[in-house]
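This report refers to the structure that appears directly beneath it.
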């Protein structure tokens, strides 16, 4: 029962955070157009083409979503069905396509003030997301 309540709270908080994020910033208004990159052993990752923007520093910003993979040893439900997948997290990423750098400026609607730039190497899902976002944002970057 406690696990069910904890999972429900997590899902509700993530949903509320996403709603607040989208409502609080008119720049993010628009249709949601999720694109999933190839799944990896760490989980699944999507980016929202409807949120793709260029910021005042000339970098791309985009809303992304990460869902960790369920534990390999997770048992089936009592009725034999697959358990519910883990809750996903929402990130607003700032991406420097020229240097293959990124930083998370918001996680689940909470601003990450002073977040550090990170190198893309080593995380297949992030690498695939950055590659797809930079390709999709090439026209935006060319006009900046």
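Remarks
- Ranked by the mean number of other Cβ atoms within 10 Å per residue, highest first, peptides 116-123, 93-100 order as 93-100, 116-123.
- Entry note, the range 94-144: relative contact order of 29 percent, from Cα contacts under 8 Å with a spacing of 6+ residues.
- What the Cβ-Cβ distance of residue 78 and residue 35 gives, at R0 = 41 Å and to the nearest 0.05, is a FRET efficiency of 0.70.
- Both the radius of gyration and Dmax for the range 51-123 are 16.6, 53 Å, in that order, over alpha-carbon atoms.
- Label-reachable residues, the range 31-46, where backbone N falls under 16 Å from a point 7 Å from residue 118's Cα toward its Cβ: 40-46
- Between the beta carbons of residue 142 and residue 69, assuming R0 = 41 Å, the FRET efficiency works out to 0.65 to the nearest 0.05.
Readers should treat all values here as calculations from the given coordinates under stated rules, not as data from a laboratory. These figures come from a predicted structure and were not determined experimentally. Every residue, glycine as well, gets a Cβ built from its backbone with ideal geometry; the counts of neighbours run over all protein chains shown.
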